[in-house]
Amino acid sequence: MNLLSRKASCNSHGQDSSYFAGWEEYEKNPYDDVKNPEGIIQMGLAENQLSFDLLESWLAQNPDAAGFKRNGESIFRELALFQDYHGLPAFKKALVEFMAEIRGNKVSFDSNKLVLTAGATSANETLMFCLANPGEAFLLPTPYYPGFDRDLKWRPEVEIVPIQCTSSNGFRITKSALEEAYQQAQKRNLKVKGVLVTNPSNPLGISLSRHELDLLLSFITAKGIHLISDEIYSGTVFNSTGFVSIMEVLMNKKYVNSPVWDRVHIVYSLSKDLGLPGFRVGAIYSNNKLVVDAATKMSSFGLVSSQTQYLLSAMLSDKKFTKNYLTENRKRLKRRHAMFIRGLKNAGIPCLESDAGLFCWVDMRHLLSSKTFEAEMELWKKIVYQVGLNVSPGSSCHCVEPGWFRMCFANMSERTLGLAMQRIKSFVNSISDSNNVSQNKRHSNKSSRRKSFSKWIFSLSFHDREGER
């Protein structure tokens, strides 16, 4: 007899994906520059560890916030007894102002339309519960974050239909790809409830263009469906030409108070921009009051602790700090990205040109033994077990082309990244040397056969001449 429920025992969590399998191998043999220098370097984790010193410096200068004090007086009892699932008003106000600051204050956000959740994972799942019934579908452009299979499919039981994007146009969303995905859903008798995009993209590291955002709004308008814009990497944009929030497009296109206005929702988190994944701070922003009310009630299953809210409300209300942090963090990300790109280039590996994120979409198609996903998995295993780097294969992100990999660069020291680049270069060189040996061997065999053939012709000719005599 099965003692577990159908939900607990089903395999739609996605834990068997190579994305998670790589993490398991890393955890068995984690790299440490002193204790385990031959271990696996974690390049599959999108964490921002480049600006922790700025956070620690602020904490040292603001001991009251970390000590749960206000004007020198303890507020521990007040925070310990706070249970309102609407959240601390001061924190919600500080958070929406921080979101606006990241977007250059081109748009503003109303804290009454914000729902706090325990991270972006909880936010996306909650939106699925609010917007779709089990068996209904959302369209997602590929490649997409492997965790969405868990967030959308496991507990909400929502189907994912891929919007197939390819390298031919830099994996950009097109009108034809949107229509094809919608038609594919209809063929499967799936009711499409919306589109979910990450902007900037995980795993591509690119910001959606205004053209793509306009395309998405036109598409959901025509189909009468929802759009979720997951913007948790909005503060990681390191090139000034990049990110435009869907809220800015909504305002500029004069969609305010239109039916579309109520069908666009934003997911945000402090896990990437501030590098605080352990604090579990996420949020849903929606102009739809019904969605906000329903999501607020559901947030009871994943609240942000009052202590966390108090600490971060003080930090994010310090405008001098947030301005300096965002500026310096972007500079550091840009430098680290440039270092990573140089290392890849030195190893003869190209990648998709990017402007944001904590990772790059790396092109290793030329290293495949064949143009198949089997060859991609073969290469991935070599990189994990032989090279000692945990990277995410494109197939785990549902990429339609074998040979692409997501590699993270902001979750380690500069020294560790340098070692990772040395390892990948040595690996590429070993493949090149092996190919050269094989080619030389084939050339030698061909030359030997040509010599043997020449001797045979000569011998045959000699015997013919003897017969003529």
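The values are calculated or read from the model by the stated rules, or taken from the named source; none is laboratory data. The structure presented is a predicted model; accordingly, all values stated were derived computationally and were not measured. Neighbour counts are summed over all protein chains in view; Cβ atoms, including those assigned to glycine, are modelled from backbone coordinates with ideal geometry. Please note that ligands, DNA and RNA were not included when accessible areas were found on the heavy atoms of the full protein model with its side chains. Shrake-Rupley method; radii C 1.70, N 1.55, O 1.52, S 1.80 Å.
Observations on the structure shown:
- Scanning the stretch 249-274 for residues that are closer than 22 Å to residue 289 by Cβ and assigned to a helix (DSSP H, G or I) yields 249, 250, 251, 259, 260, 261, 262, 263.
- Selection from the stretch 382-417 of residues that are in contact with a Ser or Thr (Cβ under 9 Å, 6 or more places away or on another chain) and of a type in the set (D, E, K, R): 401, 406
- Counting only helices (runs of 4 or more DSSP H) that sit wholly inside the stretch 3-92, those with at least 2 residues that are among the charged types (D, E, K, R) and either within 28 Å of the chain's Cα centre (by Cα) or crowded, with 16+ Cβ neighbours inside 10 Å (or both) are 18-28, 52-61.
- When the stretch 349-369 is filtered for residues that are open to solvent by 50 Å² or more (accessible area, probe 1.4 Å) and either farther than 19 Å from residue 202 by Cα or among the aromatic types (Phe, Trp, Tyr) (or both), the ones remaining, listed by number, are 365, 366, 369.
- Pairs where the first residue, in the stretch 231-254, is over 18 Å from residue 95 (Cβ atoms) and the second is acidic (Asp, Glu) and assigned to a loop (DSSP other than H, G, I, E, B), C-beta under 7 Å, 6+ apart: 237/355; 238/355; 239/355; 241/355; 242/355
- Checked against (1) touching a helix residue (DSSP H, G or I) at 6+ places or on another chain (Cβ under 9 Å); (2) open to solvent by less than 40 Å² (accessible area, probe 1.4 Å); (3) within 26 Å of residue 326 (Cα to Cα), residue 239 passes all but a single condition, namely (2).
- Residues satisfying the stated conditions in the stretch 100-113, i.e. open to solvent by less than 40 Å² (accessible area, probe 1.4 Å), assigned to a helix (DSSP H, G or I) and over 12 Å from residue 284 (Cα atoms): 100, 102
- Among residues of the stretch 159-174 that are touching a residue at least 40 places away in the same chain (Cβ under 8 Å) and open to solvent by 20 Å² or more (accessible area, probe 1.4 Å), those with a beta-carbon under 8 Å from a residue that is assigned to a loop (DSSP other than H, G, I, E, B) and aromatic (Phe, Trp, Tyr) at least six positions away or on a different chain give the pairs 162/144.
- Sole exception among (1) open to solvent by 60 Å² or more (accessible area, probe 1.4 Å); (2) in contact (Cβ under 8 Å) with a residue 60 or more places away in the chain; (3) over 19 Å from the mean Cα position of the chain (by Cα) for residue 153, by number: (3)
- Test: residue in the stretch 195-204 that is crowded, with 22+ Cβ neighbours inside 10 Å and in contact with a Lys or Arg (Cβ under 7 Å, 6 or more places away or on another chain): yes
- Given (1) modelled with pLDDT of 95 or more; (2) open to solvent by less than 60 Å² (accessible area, probe 1.4 Å); (3) not hydroxyl-bearing (Ser, Thr, Tyr), index of the condition residue 97 fails: (2)
- Summed over the stretch 215-242, the residues that are closer than 17 Å to residue 192 by Cβ and either of a type in the set (A, V, I, L, M) or touching an Asp or Glu at 6+ places or on another chain (Cβ under 7 Å) (or both) give a count of 8.
- Residue within the stretch 248-268 that is more than 24 Å from the chain's Cα centre (by Cα), within 17 Å of residue 209 (Cβ to Cβ) and aliphatic (A, V, I, L, M) present: yes
- Residues in the stretch 247-292 that are in contact with a His (Cβ under 9 Å, 6 or more places away or on another chain) and closer than 25 Å to residue 330 by Cβ: 285 only.
- Search result, residues across the stretch 114-150 that are closer than 19 Å to residue 7 by Cα and either among the β-branched types (Val, Ile, Thr) or under 18 Å from the mean Cα position of the chain (by Cα) (or both): 121, 122, 124, 125, 126, 147, 148, 149, 150
- Residue match in the stretch 312-331 (condition: open to solvent by 40 Å² or more (accessible area, probe 1.4 Å), in contact with a Ser or Thr (Cβ under 9 Å, 6 or more places away or on another chain) and closer than 30 Å to residue 363 by Cα): yes
- Among (1) under 23 Å from residue 64 (Cβ atoms); (2) touching a Gly at 6+ places or on another chain (Cβ under 8 Å) - the single one residue 282 does not satisfy: (1)
- Test result for residue 227, free of Cβ contacts under 8 Å to residues at least 60 places away in the same chain, among the hydrophobic types (A, V, I, L, M, F, W, C) and in a strand (DSSP E or B): yes
- Pairs with Cβ under 6 Å, 6+ apart, first in the stretch 308-321 and of a type outside the set (A, V, I, L, M, F, W, C), second assigned to a helix (DSSP H, G or I) and open to solvent by 40 Å² or more (accessible area, probe 1.4 Å): 308/279; 313/90
- Test: residue in the stretch 265-287 that is on the phi > 0 side of the Ramachandran plot and among the polar types (S, T, N, Q): no
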